[in-house]
Amino acid sequence: MPGFEIFGDEERKEVNDVLESGVLFRYGFDAKRNGNWKAKELEEELCKLTGASHAHLCSSGTSALNIALAACGVGAGDEVITTPFTFVATFEAILFAGAIPVFAEIDETLCLSPEGIEAAITPRTKAVMCVHMCGSMAKIDQITALCNKKGIVLIEDACQAIGASFKGKHLGTFGKAGCFSFDSVKTVTCGEGGGMITSDRDVYLKADQYSDHGHDHIGNDRGLEDHPIIGYNFRISELNAAVGKAQLRKLGQIIEIQKKNKNAIKDAIKTVPGITFRELPDEAGDSGTFLSFFLPDAESARTAAKNLAEAGVGCPYWFNNNWHYFRQWHHLHGMKSAAAVQGSIAQGLPDFSKIELPESDRIMSRAISMQIMLSWTKEELDQRIEKTVAALTL
Ligand SMILES: *Cc1c(COP(=O)(O)O)cnc(C)c1O
């Protein structure tokens with residue numbers, strides 16, 4: 001999965017362009033920057049890749065989620081339906097918007113299910129934040145149709161899914177806004193960075209302003225710019241964007257290797273009795289960052305995870321994982337947060353320690369995901385397959 005496995009001269013050259021000009025800021029300094037506009041260029045490349053009309057880079061995937069919520073007008077008191085299986089950043093962003101995360105059931109896509117979303121809708125539902133986990137997709141056609149029918153804003157957290165698509169349409173382009181992360185372990189990395197895409201010009205303009213203190217970015221004198229809205233600083237630096245430019249050019253190659261490695265392991269473990277696979281609404285659009293599969297029950301999944309770890313091919317068993325499944329989010333259960341956040345929004349929040357999601361538990365307690373690496377040699381891959389088949393044969 002991680003682009004950091006294939007750093008090379010391409011990244012160094014892009015970064016050196018920036019260092020040689022001495023302009024690390026993405027705005028202004030037109031005369032000094034030797035024609036380097038790394039952030040702007042990476043935004044154009046993101047539009048080309050995804051087919052979105054606009055892209056806006058920012059400091060992280062988490063800030064991309066923040067910006068998307070703000071730009072789509074989601075704020076205090078609004079309910080945002082989201083998934084119990086995601087990285088904690090998803091609910092953090094909702095809470096920091098002053099909104100209320102409402103956790104709904106997932107299905108065997110490992111993402112929110114259309115039925116789960118429908119059951120969680122209330123008169124206060126303003127948005128759905130659908131997360132395309134582990135490089136593949138939710139039933140995004142059905143979810144888009146549902147949100148359109150109900151007049152609910154759809155925001156896609158595609159932080160783990162760059163390069164993935166559903167029936168030829170890039171993930172992140174189904175909703176009003178889509179978000180990517182370019183942190184150090186994502187498929188494409190900037191070191192730190194994120195991006196929001198949209199085909200709604202108003203959402204784009206708001207995102208552009210909100211992420212830079214409200215600057216309207218009209219003209220080339222920052223001191224004379226107007227500030228139509230109150231914003232914040234979620235800017236990316238030219239250095240980070242430079243790394244991302246070189247990385248994004250390698251995305252095609254990254255996805256090809258991932259899919260090849262993933263399919264080799266998948267074909268081998270298909271023969272193991274009792275193993276079934278994550279539902280992929282469009283297998284051709286999967287980016288191949290993980291191979292996710294199910295054991296028949298929770299006990300055999302725990303045994304399999306233990307066997308895999310002992311064989312040296314350890315895989316995340318998300319159900320017990322501290323960061324990706326709601327059962328271990330004790331800080332959320334207790335709403336342990338900095339005073340400012342807690343004080344402003346604590347009233348009206350549900351008791352997160354009481355959430356019950358039996359369907360999600362039933363699915364996640366049986367699920368294991370193997371992370372697919374780019375750097376495996378043929379020999380390493382063959383050994384991994386052999387060890388994996390043995391560890392899963394219970
Ligand atoms: C990584 C990730 C984020 C946050 O991205 P950062 O760039 O680390 O802030 C958000 N959502 C998901 C699903 C992620 O995997």
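The values are calculated or read from the model by the stated rules, or taken from the named source; none is laboratory data. Quick caveat, the model's predicted, so the values are computed rather than measured. Cβ: placed from backbone, ideal geometry, glycine included. Neighbour counts: every protein chain shown. In case anyone asks, the SASA skips ligands and DNA or RNA and just uses the protein heavy atoms, side chains included. Shrake-Rupley method; radii C 1.70, N 1.55, O 1.52, S 1.80 Å.
Just the residues that are surrounded by fewer than 19 Cβ atoms within 10 Å (Cβ to Cβ) and hydrophobic (A, V, I, L, M, F, W, C), please, taken from the range 207-238.
Those that are surrounded by fewer than 19 Cβ atoms within 10 Å (Cβ to Cβ) and hydrophobic (A, V, I, L, M, F, W, C): I218, L224, I229, I230.
Condition first: away from the ligand (no atom under 16 Å from the Cβ) and over 29 Å from R366 (Cβ atoms). Can you find one or more residues in the range 56-69 that meet it?
No - not one qualifying residue is present in the range 56-69.
Assuming G28 fulfils every condition listed in (1) modelled with pLDDT under 95; (2) more than 24 Å from I218 (Cβ to Cβ); (3) open to solvent by less than 40 Å² (accessible area, probe 1.4 Å) apart from one, which condition is it?
(2)
Among S59, S63, which is the only one that is closer than 28 Å to V131 by Cβ and either touching a His at 6+ places or on another chain (Cβ under 7 Å) or open to solvent by 30 Å² or more (accessible area, probe 1.4 Å) (or both)?
S59
Could you tell me which of the residues A138, A158 is open to solvent by less than 10 Å² (accessible area, probe 1.4 Å), within 16 Å of the ligand (Cβ to nearest atom), touching a residue at least 60 places away in the same chain (Cβ under 8 Å) and not hydroxyl-bearing (S, T, Y)?
After applying the criteria, what remains is A138.
Looking at the range 239-263 only, could you name the residues that are closer than 26 Å to F29 by Cα and out of contact with any Phe, Trp or Tyr (no Cβ under 7 Å at 6 or more places or on another chain)?
Residues satisfying the conditions are L239, N240, A241, A242, V243, K245, A246, Q247, L248.
Tell me, which helices (runs of 4 or more DSSP H) lie completely within the range 280-394 with 3 or more residues that are among the acidic types (D, E)?
378-392
Among the residues of the range 109-137, write down those that are of a type outside the set (A, V, I, L, M, F, W, C), over 18 Å from the mean Cα position of the chain (by Cα) and under 20 Å from I363 (Cα atoms).
Matches in the range 109-137: P114, E115, G116, E118.
Condition check: at pLDDT below 95, away from the ligand (no atom under 16 Å from the Cβ) and either closer than 28 Å to A76 by Cβ or in contact with a Leu (Cβ under 6 Å, 6 or more places away or on another chain) (or both). Does I152 satisfy that?
The answer is no for I152.
Evaluate the following for I94: is it within 16 Å of the ligand (Cβ to nearest atom) and either crowded, with 17+ Cβ neighbours inside 10 Å or among the aliphatic types (A, V, I, L, M) (or both)?
yes
Take T109 and decide whether it is within 16 Å of the ligand (Cβ to nearest atom), open to solvent by less than 30 Å² (accessible area, probe 1.4 Å) and among the hydroxyl-bearing types (S, T, Y).
Criteria met by T109.
Test T125 against the stated conditions and say whether it is away from the ligand (no atom under 15 Å from the Cβ) and β-branched (V, I, T).
It is true that T125 is away from the ligand (no atom under 15 Å from the Cβ) and β-branched (V, I, T).
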